[in-house]
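Worksheet: the structure to be examined is printed underneath.
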Amino acid sequence: MRGFFMFIKFAKYFILMRQIFTLILSISLLASCTPSKNVKQTKIIKKVIRDTVYLEKIKAGNENKYVSAVLDDYKINDSHFPAIGQDYRQKFLILHYTALDNYRSYNVLTEQQVSSHYLINDIDDNTIDILVSESQRAWHAGYSYWLGRTNINDSSIGIEIVNPGYRIEDEQIIFFPYPEYQFKKVAKLSKNIVERYDIDPTYVLGHSDVAPQRKEDPGALFPWKRLYDEYGVGAWYEDVDKYEYIRQFPYERKDSEAFILAYQKEFAKYGYEVPQDGIWSKKMEKLTAAFQMHFRPSNYSGELDAETWAILRALNKKYRD
Ligand SMILES: [Zn+2]
């Protein structure tokens, strides 16, 4: 009887050893059979933006996440995947406020003809809502323009922030502030999105940047500078450039057609939709106010002044020249 138990014990031990051996063998076989495309590597691709060729690194690993057709009759062959000529369709990150309370924001953004990818509630908790998959198009930007692109919905991720918007006092627009916890949610989410899709800093924008004639959101109290300083998200100018351009501001001919046209050209260069006619108009005032809300929020009167002009030039020097 004892010999029989010893035999069972030995047989169990033998089976276990055989299983371990098979496992090791299959892992090493798998590793040696895996095609070289799965080896960690970085691909360099060429990207052409407005006649300039940029070299872009595609991080290894990202190219293997793909969606493809599944057909009954044919096999989708991925042995030539990935092709070099590709980039992300998500080019923009657009920030908004809802101008509604929490409850109505959820209702409007999920049950009507407007939506956004993310909704940041106004509750101090650790939740962020996703309403539309990042791979789908959300309807948040409407008619919009940036650097020759229109219909920014096609190529953006939209974040709506629950905030009352503004009230009018003595003909002045007074915005409502963003609580710190809400800013943190927006900032962390934005950083994550920008990194994953490699979104250009100058393509992180407010609704008012891509639709300055119609929209004011996310308003002058959204802390764009903090988003840049503390999270490295979005664009900001260098102070030294700003002061240099302020010194060069041509006060004596600031109302001339030639100067207004030069100012309009600077706007167009950075990305805004702007007339090119050398005429100061209501449109120019609206556009200037939208720009100031983003980059010079202490005064968003819409007047063309030395600092506004200098900031615009400093941004172009840093990001467009
Ligand atoms: Zn908006």
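The values are calculated or read from the model by the stated rules, or taken from the named source; none is laboratory data. The structure displayed is predicted, hence computed values, not measured ones. Note: ideal-geometry Cβ built from the backbone for every residue, glycine included; neighbour counts use all protein chains shown.
A few points about this structure:
- Filtered residues of the range 262-306 (kept if surrounded by fewer than 17 Cβ atoms within 10 Å (Cβ to Cβ) and either in contact with a Phe, Trp or Tyr (Cβ under 6 Å, 6 or more places away or on another chain) or among the small types (Gly, Ala, Ser) (or both)): Ala262, Ala268, Gly278, Ser281, Ser298, Ser301, Ala306
- Near pairs, Cβ below 7 angstrom, 6+ apart or cross-chain, from the range 308-321 (surrounded by fewer than 20 Cβ atoms within 10 Å (Cβ to Cβ)) to any residue that is aliphatic (A, V, I, L, M): Tyr319/Ala235
- Some residue of the range 164-181 being within 23 Å of Ser133 (Cβ to Cβ), of a type outside the set (A, V, I, L, M), modelled with pLDDT of 95 or more and within 16 Å of the ligand (Cβ to nearest atom): no
- Just so you know, in the range 193-233 the residues that are among the hydroxyl-bearing types (Ser, Thr, Tyr) and either farther than 21 Å from Ser133 by Cβ or touching a Cys at 6+ places or on another chain (Cβ under 9 Å) (or both) include one that is surrounded by the most Cβ atoms within 10 Å (Cβ to Cβ), and it is Ser208.
- Restricting the range 196-224 to residues that are modelled with pLDDT of 95 or more and under 23 Å from Asn126 (Cβ atoms), the residue that is farthest from the ligand (Cβ to nearest atom): Pro223
Residue-wise test of (1) crowded, with 17+ Cβ neighbours inside 10 Å; (2) modelled with pLDDT under 95; (3) on the phi > 0 side of the Ramachandran plot; (4) outside any loop (DSSP other than H, G, I, E, B).
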{"residue": "His96", "(1), (2), (3), (4)": "yes, no, no, yes"}
{"residue": "Leu100", "(1), (2), (3), (4)": "yes, no, no, no"}
{"residue": "Ser105", "(1), (2), (3), (4)": "yes, no, no, yes"}
{"residue": "Trp139", "(1), (2), (3), (4)": "no, no, no, no"}
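- Residue check, Ile152 in contact with a Leu (Cβ under 8 Å, 6 or more places away or on another chain), modelled with pLDDT of 95 or more and either surrounded by fewer than 16 Cβ atoms within 10 Å (Cβ to Cβ) or within 19 Å of Met293 (Cβ to Cβ) (or both): no
- For the range 141-162, a residue qualifies if it is part of a loop (DSSP other than H, G, I, E, B), on the phi < 0 side of the Ramachandran plot and away from the ligand (no atom under 11 Å from the Cβ), and the qualifying residues are Tyr143, Val162.
- Leading residue by the ranking (nearest to Val186 (Cα to Cα)) among those in the range 123-133 that are surrounded by 14 or more Cβ atoms within 10 Å (Cβ to Cβ) and more than 16 Å from the ligand (Cβ to nearest atom): Ile128
- Asp241, sole failed condition from (1) touching a Lys or Arg at 6+ places or on another chain (Cβ under 8 Å); (2) within 25 Å of Gln213 (Cβ to Cβ); (3) of a type in the set (Asp, Glu): (2)
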